[in-house]
Amino acid sequence: MPINIKNTPVNGQNGIDGSKGTPGSPGANGIDADCGFFDDNSPTNGGTGGNGSDGTGGTDGSPGVAAGSLDIHLEVLGPGIEISIQGGAGGSGGKGGDGGTGGKGGKGGNGDDCEASGWGGNGGAGGNGGDGGDGGKGGDGGSVFIYFVSDQSGAAPPIIDVKGGPGGVSNGAGGGGAGGSIGDPGPASSYSHSDWDPGPPPNPGANGKPGNKGAAGGSGNNGKVTLTKVTTV
């Protein structure tokens, strides 16, 4: 008598993706010069942009569910027996969140034609990317026990599949956030002499570093198949 039994593997749940980091705030604008007849109050450079925050890590995928056990008792072990009792696949790991972008530097103060105008501020650093979650382990394959009195399967023995489920993949790490751009310089200022030195030019913010990719889950263990000849069932 043909027998065809196939389970529905129960897979693990996928991990949750991480959240993206928040962007950095813009830098404060510089203060304008206060030009006097005898003395001037110098302008200031723009402030540095805020740093982007780091992305959060993705969560791990859950393991696949192990298959159960199956007992079959037969008078005759004939051809046409196909059984599949496989373990569930592991869930995929969640992707890490991208880092937030750095804030733009603030605008430089206006020299107002009595002092040099200020530089724009430095850009803020980008946030680092979050780590990717690990994939879940595959579930173990099931166990099949067949008890029979007479083996008449001949050249068509039972086809039995008790493979363990595949491990879940990792969906990768978050990318680093882009560094913030340099703030705009103050307006062009025409002056004969400036006692104020705005210093070296500003720099853009550094890019954040990418997160680490999660590891793939291992495959489940294969199950066991046992055929036992008995005198009666």
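Read-outs: derived from the displayed coordinates by stated rules, not from any lab. Quick caveat: nothing in here was measured; it's all calculated off a predicted structure. FYI the Cβ positions are ideal-geometry reconstructions off the backbone, even for glycines, and counts take in every protein chain you see.
Note on region 41-94 and region 108-167: Cα centroid distance 6 Å, given to the nearest whole angstrom. Pairwise alpha-carbon distances in region 132-172 exceed 11 Å for 75% of all pairs. The share of alpha-carbon pairs in region 88-132 lying farther apart than 15 Å comes to 67%. Each residue of region 63-70 was assigned a 3J(HN,Hα) from its phi angle through the Karplus expression (A = 6.51, B = -1.76, C = 1.60, θ = phi - 60°), giving x, x, 7, 5, 6, x, 10, 10 Hz with x at Gly and Pro.
Once region 88-223 is represented by equal point scatterers at the alpha-carbon sites, with solvent omitted, what log10 I(q)/I(0) does the Debye formula produce at q = 0.17 Å⁻¹? Computed log10 I(q)/I(0) values: -0.91. The computed volume of the Cα convex hull per residue in Å³ for the structure shown corresponds, within [x] 105; [y] 171; [z] 156, to [x].
Please compute, over every Cα-Cα pair in region 115-195, the percentage with a separation greater than 14 angstrom. When all Cα pairs of region 115-195 are counted, 81 percent exceed 14 Å. Amide H contacts under 5 Å for Asp161: Ile83, Ser84, Ile85, restricted to partners 5 or more places along the chain or on a different chain, H placed in the peptide plane at 1.01 Å from N. Using C-alpha pairs under 8 Å with a sequence gap of at least 6, the mean separation divided by the residue count of the chain gives a relative contact order of 27 percent. Packing, taken as the mean count of other beta carbons within 10 Å per residue, orders the peptides 59-72, 165-178, 143-156 from highest to lowest as 165-178, 59-72, 143-156. Between Gly93 and Gly15, Gly61, Gly135, Gly136, Val169, Ser170, Asn171, the built amide H atoms are under 5 Å apart, and every one of these is 5 or more places off in sequence or on another chain. For region 1-41, the mean projected area of the C-alpha convex hull, equal to one quarter of the hull surface, is 4.6 nm².
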